[in-house]
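Encoded as structure tokens, the structure appears first; notes follow it.
The values are calculated or read from the model by the stated rules, or taken from the named source; none is laboratory data. Keep in mind that this is a model prediction, so the values were computed, not measured. Ideal geometry is used to build each Cβ from the backbone, glycine not excepted, and the neighbour counts take in all protein chains shown.
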Amino acid sequence: MRFSANLIDKETELQFLTGKELYKAVQNIASGTKPRFAVAFWGQGAKEQICDGGNKDIQIICNLKMGATNPFVIEDILGRRVPVRQHDILHAKVYLNETAALVASANASANGLGFEGAEQASWEEAGLFIDEPQAIVEIKRWFTRMWGESREINEGDLERAKATWRARQGAKPSLGSFADLDVNALSTPLIDWFGDNDWDTNAKYIKGKTRAAADYLEKRIADGIELEGTEDRKVLTPGTWVLCFRRTRKGQPDRREGLSWVCLGKILDDAFKYTGERKLRSVALAAERRGTEPFPITKRFQDSFVRVISRDEFEQLRTDEYDGAWFTAERLKLTRSFWATLHSEYTGPGTPDVEAAA
């Protein structure tokens, strides 16, 4: 739809866009000369839409502070040597190049709440496409001012943003099914196992507590995730979801016990020790208030999970023979491969339409 509007005291042609036409306009702007994006929130799919066209002369301003930008996406874009800066009160969605601009409701993420993939399928976006030269001059002037007010993004900024992002994910609505999970997202649930080792809480944490308070803390420790080293500490941040299974002594998932979700809270250092050992171990406690689980664990999902993780190629997700951190870069990469493999099998031909609760 095209219509005239009195913009900066002159008649200007605007084009109202929705749906596929809106996203096509974003891609066209990205492929133009000197694309600039002052877009508050970024999520899965933004990199492919904006940065994969081969255009290296891009500038991006985002809002990392609010927790609605996926910091893993920004980290990936920065790794491509694209200049990205942050502005703490940015809420605009402006896509601009030398000859055109789009002012829209649509973020470079699925939407401004940080939902991604299938989670945002029902959102309706709209925007105004502008190509009048004087209007473009004014928008470029605004972007230049915003760029000057923004600041560079360092590693500490990304780590804080990751913690905020994961905490926000814990409050998101659940997907209806594992089939809806975006396995290509840069942040997917973690996977961990537990065994039957006896353990004792560090006495200093329960000294002086009532029996009920001590029992509550011990339950949070028991439901939490053990960590060792800086790699685990960086990954196991509040709001992170972990899918846990019981491991048999032969190194296979125990089919007699169901899978369980854990939403992580704060880290408690030197929280416990295994019975018979002197070494105290730290744990990312189970959150006191957990959000809605990422997706329901159905019997069909559980059967598929056990079948796939039992394969030789995923042995490193079941092993107890390792030193140091569990959530290493290598194991995180394998976890992503596992989710993709499981999803492919789960949604393949012959998938039932109805899932029974586990």
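In the stretch 122-159, the qualifying residues are those that are closer than 30 Å to K266 by Cα and in contact (Cβ under 8 Å) with a residue 40 or more places away in the chain, and the one that is surrounded by the most Cβ atoms within 10 Å (Cβ to Cβ) is I153.
Screening R141 with (1) modelled with pLDDT of 95 or more; (2) not in a helix (DSSP H, G or I) gives one miss only, at (2).
Scanning the stretch 226-261 for residues that are without any contact (Cβ under 8 Å) to a residue 40 or more places away in the chain and either in contact with a Lys or Arg (Cβ under 7 Å, 6 or more places away or on another chain) or of a type in the set (V, I, T) (or both) gives T248, D254, E257.
The rows are residues; the columns are (1) at pLDDT 90 or above; (2) touching a helix residue (DSSP H, G or I) at 6+ places or on another chain (Cβ under 9 Å); (3) over 16 Å from V242 (Cβ atoms).
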| residue | (1), (2), (3) |
| --- | --- |
| R300 | yes, yes, yes |
| S310 | yes, no, yes |
| E313 | yes, yes, yes |
| Q316 | yes, yes, yes |
| F327 | yes, yes, no |
| W339 | yes, no, no |
| Y346 | yes, yes, yes |
| T351 | no, yes, yes |
| A357 | no, yes, yes |
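For the stretch 144-172, filtering for residues that are modelled with pLDDT of 90 or more and hydrophobic (A, V, I, L, M, F, W, C) leaves 4.
Output the residue which, of all residues in the stretch 54-68 that are modelled with pLDDT of 85 or more and part of a loop (DSSP other than H, G, I, E, B), is surrounded by the most Cβ atoms within 10 Å (Cβ to Cβ). Spell out how you get there, then give the answer.
The initial filter retains those residues of the stretch 54-68 that are modelled with pLDDT of 85 or more, namely 58-65.
If we keep only those that are part of a loop (DSSP other than H, G, I, E, B) too, we end up with 58, 63-65.
Numbers: I58: 20, N63: 24, L64: 27, K65: 16.
The selected residue is L64.
So for the stretch 264-283 (the condition being among the acidic types (D, E), under 26 Å from the mean Cα position of the chain (by Cα) and assigned to a loop (DSSP other than H, G, I, E, B)), does at least one residue qualify?
Just the residues of the stretch 264-283 that are among the acidic types (D, E), to begin with: 269-270, 277.
Now narrow it down to the ones that are under 26 Å from the mean Cα position of the chain (by Cα): 269.
This time we only want the ones that are assigned to a loop (DSSP other than H, G, I, E, B), so: none.
There is no residue in the stretch 264-283 that is among the acidic types (D, E), under 26 Å from the mean Cα position of the chain (by Cα) and assigned to a loop (DSSP other than H, G, I, E, B).
Condition test on D232, is it touching a Phe, Trp or Tyr at 6+ places or on another chain (Cβ under 9 Å), in a strand (DSSP E or B) and at pLDDT 90 or above? Write out each step before concluding.
Values: touching a Phe, Trp or Tyr at 6+ places or on another chain (Cβ under 9 Å): yes; in a strand (DSSP E or B): no; at pLDDT 90 or above: yes.
When the stated conditions are applied, D232 does not pass them.
Residues that are in a loop (DSSP other than H, G, I, E, B), closer than 30 Å to G79 by Cα and out of contact with any Leu (no Cβ under 7 Å at 6 or more places or on another chain) within the stretch 177-227 comprise D182, V183, N184, A185, L186, S187, T188, listed in sequence order. One residue stands out among those in the stretch 6-29 that are of a type in the set (A, V, I, L, M, F, W, C) and surrounded by 13 or more Cβ atoms within 10 Å (Cβ to Cβ): the one that is modelled with the lowest pLDDT, which is L7. Where the second residue is part of a strand (DSSP E or B) and of a type in the set (D, E, K, R) and the first is over 18 Å from D223 (Cβ atoms) and lies in the stretch 266-281, which pairs have Cβ atoms under 7 Å and are six or more apart or on separate chains? These pairs meet every condition: T275/D200; K279/K273; L280/D270; L280/K273.
Considering only the stretch 260-273, I want to know if a residue exists there that is over 30 Å from D157 (Cβ atoms), in the same structural domain as F338 (by TED's automatic domain parsing) and either β-branched (V, I, T) or surrounded by fewer than 18 Cβ atoms within 10 Å (Cβ to Cβ) (or both). Checked the stretch 260-273: at least one residue is over 30 Å from D157 (Cβ atoms), in the same structural domain as F338 (by TED's automatic domain parsing) and either β-branched (V, I, T) or surrounded by fewer than 18 Cβ atoms within 10 Å (Cβ to Cβ) (or both). Residues that are modelled with pLDDT under 85, surrounded by fewer than 17 Cβ atoms within 10 Å (Cβ to Cβ) and under 23 Å from S150 (Cβ atoms) occur in the stretch 30-53; there is at least one.
Taking first residues from the stretch 329-358 that are not assigned by TED's automatic domain parsing to the domain that holds R311 and surrounded by fewer than 10 Cβ atoms within 10 Å (Cβ to Cβ) and partners that are of a type in the set (S, T, N, Q) and at pLDDT 90 or above, the Cβ contacts under 8 Å between residues at least 6 apart in sequence or on separate chains come to A356/T298; A357/T298.
For G258, the conditions (1) more than 14 Å from W193 (Cβ to Cβ); (2) not in a strand (DSSP E or B) are fulfilled apart from (1).
A residue that is over 30 Å from Y274 (Cβ atoms), modelled with pLDDT under 80, surrounded by fewer than 17 Cβ atoms within 10 Å (Cβ to Cβ) and not basic (K, R) occurs somewhere in the stretch 183-203.
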